[in-house]
Every structure is written in C-alpha cells, then in structure tokens.
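These notes concern the structure reproduced below.
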Amino acid sequence: DEVVLTGSTLTIDDVMRVSRGGVKVSVSPQALEIMQRAREIVENVAQRKSTESVFGLNTGFGQFASVHIAGDLDLLQLNLIRSHSAGCGEPLAVEQVRMLLLVRLNTLCRGSSGIRTSVLLQMVDALNKSCLSYVPSQGTFGSGDLIPMAHLALGLIGEGRMWSPETDWADAADVLRSHDLVPIRLAAKEGLSIINGTQFATALGCEAVFRARNLFYQAVFIFALTLECLKGSVLFLNAEIHALKAHPGQSATAELLRQVLPESRTITHKSALRVQDAYTLRCVPQVYGIVLDTIEFVSDIVQTELNSSSDNPLVLVEAGKCISGGNQHGEYPAKALDYLAIAVGELGNMVERRIDRLCSPGLSVDLLAFLTQNGGVNSGFMMAHVTAAALVAENRCLACPASTETLTASASYEDHVSMGGYAARKCIELVANVEQIVAIELLAACQALDLSRPLTTTPSLEALHALVRAEVCPGWMHDRVMADDMQKAVAFVKSGRVMDAIRPFLNSDFSNLPTHGRLSPSSPHELRRLLRCSEDECGRLLRENTALTRECEELRRQLLERNLSATATAVACATPAV
C-alpha cells in the first residue's frame, strides 16, 4: 500500500490510512522537479546578499520582519525552530503526528515553499520509519500553526524528543540514529517552509471529518432500531414529503431509512400507530440530513486545504520571485470545523433524547423502566442515560465557535487570528463524545428489542442485533458494570461494524456505502450534491466519469417517478450522450 505525494491529489482517506502506519509514502517526480525550480529561486535571493528583503529568508519574523539580515541565514532558520517550539499541553497521538507530517509534506510538494528536495526526502524517510516528533497540542492560534509545526521540525533536526515503535519516546538524535537517519540541517527559508501554514488544523480536520462521516452512517441505522423498539410510525419517510423539501442530505437520510424500515414491519403492526411521533423520531431526515450535508461541505473545504499552498512567503516559480501574502491564515478550516462541531453535536442531542424515551415507560410502549427486569434491585440503563446527558451538556460548550475568539499577538503584527487549531481539537473531542452517545443508544436499543420478544424486527436490524450480541455483549438479565460494555460498543461504532451488519440488505443504489469515507460519485446522494453546482459544472464532472452514464439515467428515471422534475432535468442536461 502506497501514497504518492503530488501536492494536489492527497485525500482525507489517504491521510487516515497513513495515520495508522504501514503505508509507504513517496513523492512524484513532477513534484520533485517543481520543488527544485522553486529552490533555485530561493538560493538566488540568498546568494545575492543584496538589500532586497524577503520575509523569513533574510529578515526576522513577526515585528522583526523589518530587520534585514545579511549574515548567517542558516542560523536564522535554526533559531526560528528553537524559539517557536513553545507549545504546551498533552502531546498529539502518534497517529496524529503522522497526519501532521504527511499533510505538510504534501504542501511542500507543491513547489511554493522553496525547500530543498533532499530535505523533503529526509522528512519522507522519517515518516516511513515512523520516527515522529513530540508535538504538544496547545499553543497555536491559527495564524500559521507555527508552534506545533516547530515542535514537529524540532525532532527532525535532532532536538527534543521523538517516538518510534522500536525506541518508544527518546532523545530525537538517538531515535534518528537508531533508524540510520541523520538530523536535517536547515538552510535559507527552510525552517519557515516547514512550520508556516494551516497543517495542524487541516490534519486534525481530516480526522474530524472522517470520524464524523463514519459516525453519521452508523447513527442512521441505530436510530432505525430505536424507532422499531419505540413502535414508531414510518409515515415520515414517505418520499413525496422529502421531494417537497429537496435538500440532498434529507433525501439521502430518508432513503437510507426506507431501506431498513419498509412499511410492512412486525413490531409496529403489533401496536396501534400514533397519528405522529415526537420530533426526535419523525424529524430525523431533516436533522440528520443537514448533518450529512455539513459533513460534505466541511470535507470539501478540508480537501481543498490539503492540496493548497499555505506558506508565507510563497515562491512563484513561473514569475521567478518570492512574495508575501496571507495564505497561512487558518480561517477556512477554523470556520468549517466550528460548523462541523455544531452539526455533529445536534445529532448527539437527538440521540440522547431517544435514549431517555427508551428508558422512560411514560414515553415508550410496553418497555420496562430503564430497560431492566426487577427494577429497584436492578437500575438498568439509568446511569448510562445520565452519562449520555452529561456528554450532551459538555458538547454545548464544545460547539461554541472557536473562530469568533480572535486575539492579537506579536505586538499587533498578527492582529486577527483564526483559532483553527483549537477548532479542530474541540471538534474531535465533540465527535468522540457523540460516538459514545450513539454507542449507548445502540446498547439501549438492543436491550429494548430483547425485552420486546417474541416480536421481531426487519432482517437487517435483526442482523445488527445479532452482531452486537455476538461481538459486544449479551443482554442484561441483571446489573453488571456498564462501562465495560459501553467501551466495547463505542469501538464497535467507530470501526464501522454497524454498517457491516446492514450493508448486505441495502439495494444496489446503496451497495457502495462505505464503512469509512464518502459515498462514491455514483450514489444518488453524491450526484445530488454535485447538482448543487451549475449545470455546466455538473456536466463536466459527470462526463469525466463515463461509468456514471447509466447511473445518471437511472437516477433521472427515479426522480421523475418521485415528481422531482427540476432535478431530473438537471441530470438529463448533465448526462453524457451514449
């Protein structure tokens, strides 16, 4: 398994694969070629020793940018790494450091940074041998993630601490030596090239998006099981309802649910149908739908940031010069990840309310209080619900935007910042909380199904229940330590095992739903997402993948059947001729 860096083709899935280790990283010849051309421009400026000032190459940093430096430009870069290694807090996990290093390497491959190819290849070797720097998680405020990136560079130059599977945490010079690597010796501009950019927020943003997307699909099908156990109506899934409010995420969510909740369901038909259910049951397509659309929106921004030049200054190869700008500002990932936190947090809000319904006899039909027999002696899911509610309360704080809290630093030289690093960190924390909340709903729904026997649910949801009982925990006949089962359940959700149980029962439109990652471009939701751009742009995207022709025609037919005439017309315009 290999990822080839070009500077323009790295994906979120690539980042997550590399983060786990065992994936070789290499660099395309084209990237090395443009990097060499950029380095020649940097060296021409450095060797002239003229009064021409290029920020960070022959000047100081921050307010010292006006100080021209004609002396040791290599020492300038070394001092930059040492002085900017000023972070604090818990270190990033080694998987996150791999992500950070990979994302920075991809940016360097764009040829806008001016680093030597030999230095880049040293960094690639360190990544491939899992020699990873100690990177504190706190310190950046997103005007270029200078502090965590400086810590990343510190280990690569043989200072500070590093980790590898063979050495564990040790002196960086010793770790490098034990893997036949030599510390990097920085030359003009190279320290700044390694540390200035949005890579901290972007790398962690990849993890947040990846986990949020996986969580979404698991949560949809766990909700379906809860709806069954609460004997809810499926009238809210009527396709005509969602055609009248044509948001792609809403329609996709309803379609997914219809796959596992056909109208001829056993459990519901054993009790009288209510006219309508509470919002957390019948408004799931509307609420989960915007969560899905938000994930895709944020994914697009993070994906763009992955393959962008976020240095300052930038080397413009065709123009043959270095120029200062503002691409290091992290407002894009900061705002996007704040939005993602709000959306995923709302999903958690709905889940917690349903757990309460499962546990409360006054809100359910024929379920025992707290899903336990011999209540009083046993407390059942009483405290599991308390944990879910406590996590929801925490998420209300974590969902507050970080990117609105701009600060001023460096003698007002940096007078507006994004707080992108914190936006990314707290987004991951919030997603982790919702993973746990959803896992509690899974356990509660499976217990509720046990208590509903001899009634049965749909084949797909019975398969999910069976897999949980086989791999996570047996049912509760009496109280036991709940935390152990919750820990197994959250691992089950994070690993995508819910989708593993459901996927065989989905029709062909959804057979390519991922355990992790986005829908493929041939899926109905992805096509509708593409249709939000102009018809011309949509046509270009579809023509690039001629395999989509039949899928487009089938989608158009389905849309016409559902009276989505405007969208069907757009598909027709975009479908390549056969």
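Odds and ends about this structure:
- Subset of the range 357-369 (residues that are open to solvent by 30 Å² or more (accessible area, probe 1.4 Å), touching a helix residue (DSSP H, G or I) at 6+ places or on another chain (Cβ under 6 Å) and either modelled with pLDDT of 95 or more or on the phi > 0 side of the Ramachandran plot (or both)): 357
- Any hit, the range 321-335, residues being part of a helix (DSSP H, G or I), in contact with a Gly (Cβ under 7 Å, 6 or more places away or on another chain) and closer than 30 Å to residue 389 by Cα: yes
- Number of residues in the range 38-57 that are within 38 Å of the chain's Cα centre (by Cα) and surrounded by 17 or more Cβ atoms within 10 Å (Cβ to Cβ): the value is 8.
- Within the range 370-388, considering residues that are more than 37 Å from the chain's Cα centre (by Cα) and on the phi < 0 side of the Ramachandran plot, the one surrounded by the most Cβ atoms within 10 Å (Cβ to Cβ): 378
- When 435, 441, 429 are checked against the criterion of being within 29 Å of the chain's Cα centre (by Cα), of a type in the set (D, E, K, R), within 30 Å of residue 149 (Cβ to Cβ) and open to solvent by less than 10 Å² (accessible area, probe 1.4 Å), 435 stands alone in meeting it.
- So residue 259, is it on the phi < 0 side of the Ramachandran plot and either surrounded by fewer than 21 Cβ atoms within 10 Å (Cβ to Cβ) or in contact with a Ser or Thr (Cβ under 9 Å, 6 or more places away or on another chain) (or both): yes
Condition check ((1) among the β-branched types (Val, Ile, Thr); (2) more than 19 Å from residue 316 (Cβ to Cβ)) across all residues:
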{"site": "21", "(1), (2)": "no, yes"}
{"site": "32", "(1), (2)": "no, no"}
{"site": "41", "(1), (2)": "yes, no"}
{"site": "44", "(1), (2)": "no, no"}
{"site": "58", "(1), (2)": "no, no"}
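- Single condition residue 80 does not satisfy, out of (1) modelled with pLDDT of 95 or more; (2) within 21 Å of residue 315 (Cβ to Cβ); (3) touching a Gly at 6+ places or on another chain (Cβ under 6 Å): (1)
- Only one of the numbered conditions (1) surrounded by fewer than 22 Cβ atoms within 10 Å (Cβ to Cβ); (2) more than 20 Å from residue 18 (Cα to Cα); (3) more than 26 Å from the chain's Cα centre (by Cα) is not met by residue 154, and that is (1).
The values are calculated or read from the model by the stated rules, or taken from the named source; none is laboratory data. Everything numeric in this text was worked out from a predicted model, so none of it was measured. Here the Cβ is made from the backbone with ideal geometry for all residues, glycine too, and neighbour counts use every protein chain on show. These area figures cover heavy atoms from the full protein model, side chains too; ligands, DNA and RNA do not enter into them. Shrake-Rupley method; radii C 1.70, N 1.55, O 1.52, S 1.80 Å.
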